[in-house]
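K.L.:
Below is a structure I'd like to ask you about.
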Amino acid sequence: MTDRSDETPEKTAAGGPSPLALLRAAREQLVELTGLYPEALPRLERTDEGWLLEAEVVELARVPETMSLMALYEVTLDPDGLLTGYRRLRRYERGRSDRR
């Protein structure tokens, strides 16, 4: 059995993990599970169950780089910052912008 104490993010003065610690822990856990390294973490939100964040990753690198296949993942964390789930929300070419 592994000791999970080293995986728990640093605590703030209020007793909860700091936002930076949450992002670091989530990124490391997502990389370990998927092998995909997040290039950006554009969303972090507290929920009733813990935390929700979104991570942009390169799923398929291409040349030129603007043709690389990107994906946006939703990642859920418990209140202590341990990953509880993830799912891909969408895939797109790096050079494409949102239609919003």
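K.L.:
Quick check: is even one residue across segment 62-69 without any contact (Cβ under 8 Å) to a residue 40 or more places away in the chain, more than 13 Å from G85 (Cα to Cα), crowded, with 16+ Cβ neighbours inside 10 Å and basic (K, R)?
P.N.:
No, every residue in segment 62-69 fails to be without any contact (Cβ under 8 Å) to a residue 40 or more places away in the chain, more than 13 Å from G85 (Cα to Cα), crowded, with 16+ Cβ neighbours inside 10 Å and basic (K, R).
K.L.:
If I go through segment 76-98 residue by residue, how many of them are farther than 15 Å from A21 by Cα, buried (at least 16 other Cβ atoms within 10 Å of the Cβ) and in contact with a Leu (Cβ under 7 Å, 6 or more places away or on another chain)?
P.N.:
Step one: filter segment 76-98 for residues farther than 15 Å from A21 by Cα, giving 84-98.
Now drop any that are not buried (at least 16 other Cβ atoms within 10 Å of the Cβ), which leaves 86, 94.
After this cut, where a residue has to be in contact with a Leu (Cβ under 7 Å, 6 or more places away or on another chain) as well, the list is 86.
Here the count works out to 1.
K.L.:
Applying the selection to segment 48-61, what residues are under 24 Å from L20 (Cβ atoms) and either open to solvent by 40 Å² or more (accessible area, probe 1.4 Å) or in contact with a Pro (Cβ under 9 Å, 6 or more places away or on another chain) (or both)? First the steps, then the outcome.
P.N.:
Kept after step one, since they are under 24 Å from L20 (Cβ atoms), are these residues of segment 48-61: 48-58.
Within segment 48-61, D48, E49, G50, W51, L53, E54, A55, E56, V57 meet the criteria.
The values are calculated or read from the model by the stated rules, or taken from the named source; none is laboratory data. Everything numeric here is computed off the predicted structure, so don't read it as measured data. Here the Cβ is made from the backbone with ideal geometry for all residues, glycine too, and neighbour counts use every protein chain on show. SASA here: full protein model, heavy atoms, side chains in, ligands and nucleic acids out. Shrake-Rupley method; radii C 1.70, N 1.55, O 1.52, S 1.80 Å.
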